[in-house]
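Notes follow the structure.
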């Protein structure tokens, strides 16, 4: 039964933000989505019971990982530096969706100077930043749950390999079974299918190669 109540989940929050801010809808809002970046932290425990913090910047338009960084002390100054590293001054997005974690507290001044408008999700509402939360879930299930992390450099190496697989090989239903960095469809005449090991053998990329 319809109650006339609309609940926003995931990417619909971003569309609602754009429609309210610019009085646009449909295709117009989706064009503005190309200027949406999502940011979030997640925690990875090590074999020695330390906690490492991973910061992710993800572009909404094709679920592309723009920047990923690891630290054991996510200070406000460190987070601001990651924003600067992720977006040179002439490449900054219009909107940055994030939660209210204290590690983001010092971000506002730098974001404003870069022309970025911060959009904060509601407290304890991770579904309002659905794209980056989905990536975090994927990297846990498909990678981190199968490896033992010892150090920050080791985690950086693991995540670098996974992001390469995620960006160029892993297909997404939301992208019509394409990867974030688009890959061409090989015709059957290109040769037999070959499996290329990625992420230490956890995943494979399949390509047609001439015999």
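What follows is calculated from the coordinates using simple rules that are stated; it is not laboratory data. Bear in mind the structure is a predicted one, so any value in this text is a computation, not a measurement.
Observations on the model:
- Length released on extending from residue 190 to residue 108, taking residue separation times 0.36 nm less the Cα-Cα span: 24.4 nm
- Spherically averaged projected area in nm², based on the convex hull that wraps the Cα atoms of the stretch 11-208: 12.6 nm²
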